[in-house]
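Structure record follows, encoded as structure tokens.
Coordinate-derived values only; no laboratory data. Please read all numbers here as calculations on a predicted model, not as lab measurements. Note that each Cβ is placed from the backbone with ideal geometry, even for glycine, and that neighbours are counted across all protein chains shown.
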Amino acid sequence: MNITGPTYDAETARYRVIGMDCPSCAAKIEKAVRSVGVEDVKVSTATQIMTLHVGESAVRLPEIERAVTGIGYRLDRLDAPNLHAEGDIDDLPKDLRHVTPAYKRALWIVVALNVGYGVIEMFGGFLSGSQALKADALDFLGDGLITFLGILAIGWSLIWRARSALVQGLFLSALGFGVLANTAYRVLVQQQPEAELMGLFALIALTVNVIAVLPLLPHRTGDANVRAVWLFSRNDAIGNAAVVAAAGLVAWTGTAWPDLLVAAAIAGLFLQSSWSIVRDASADLREFASATGVTR
């Protein structure tokens with residue numbers, strides 16, 4: 001990747017990271033950067049921006065870029081001279097050819113599928129008495145909301161992306177704590193879910209996840225995007241499979257424990273991701289406020 005364009009601060013460089021979909025991705029990217037000798041690096045899961053503070057940046061940046069792209073992500077150098085300015089939307093990647101009307105329509109299909117089935121699966125969770133289905137429904141709703149805000153945030157400045165990510169993270173955290181609290185209550189007042197209904201809704205969820213991936217496949221623009229689509233699909237499918245397995249174990253053991261354990265695991269992972277979004281968005285907003293005096 002060649003470095004061209006305007007003159008940058010010799011000590012600071014910022015990139016949009018494409019293909020990052022979770023806090024563990026941010027940790028992997030930071031580890032890759034540190035492996036080439038740059039310790040001062042931060043990757044925000046809220047805005048999906050990597051910020052570096054390095055000396056001799058013209059020499060070091062190509063090495064850093066190779067390290068990150070080598071583990072499957074794509075980097076777009078942000079070329080705005082003042083990325084913290086309120087309302088600045090010049091920090092878009094140079095390559096936005098994939099953001100076409102057809103691509104946006106595909107994203108809206110994904111939003112509709114995720115939110116629509118999330119509501120249906122939540123109803124199924126109440127109908128069958130399954131906490132695992134409720135937690136899985138939360139994952140559907142969370143994916144739908146993340147994609148929805150992603151559509152709205154195309155072209156937004158970094159500060160507005162951080163604000164929207166903060167709202168999103170707080171909302172998702174509230175939902176996650178609600179499911180986790182209800183699961184804890186069910187530990188005390190156990191009610192065996194209807195395994196057949198539970199398994200049926202989970203199998204439909206797996207099918208919906210596959211269908212949701214299909215509209216995006218024609219719009220992939222490189223290995224990083226293919227990887228992101230695969231990771232979303234894989235992680236959701238693992239959750240769906242866990243609910244199906246829990247339904248089988250509920251039927252086999254005649255107890256609610258498999259359902260409760262899977263629900264707690266899914267809700268816990270969901271809360272971990274939500275907390276990372278809130279933490280990084282808050283840090284980004286504090287940084288913006290310190291640099292510009294602009295409050296939230």
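Couplings 3J(HN,Hα) for the stretch 26-38, derived from phi with the Karplus relation 6.51 cos²θ - 1.76 cosθ + 1.60 (θ = phi - 60°), are 4, 5, 5, 5, 4, 5, 5, 5, 5, 5, 9, x, 10 Hz, where x marks Gly and Pro. Percentage of Cα-Cα pair distances in the stretch 101-292 greater than 21 Å, rounded to whole percent? When every Cα pair of the stretch 101-292 is considered, 53 percent fall beyond 21 Å. Note down the net charge around VAL111, summing +1 for each Lys or Arg and -1 for each Asp or Glu among other residues with Cβ under 12 Å from its Cβ. Local charge sum for VAL111: +1. In order along the stretch 188-204, the phi-based Karplus estimate (6.51 cos²θ - 1.76 cosθ + 1.60, θ = phi - 60°) of 3J(HN,Hα) comes to 7, 10, 6, 9, 5, x, 7, 4, 5, 5, 4, x, 5, 5, 5, 5, 5 Hz; Gly and Pro are listed as x.
Were the residues from ALA27 through ALA241 laid out at 0.36 nm apart, the gain over their Cα-Cα distance would be 74.4 nm. Working note: Karplus 6.51/-1.76/1.60 with θ = phi - 60° gives the stretch 270-276 the couplings 4, 5, 4, 5, 4, 5, 4 Hz, where Gly and Pro are set to x.
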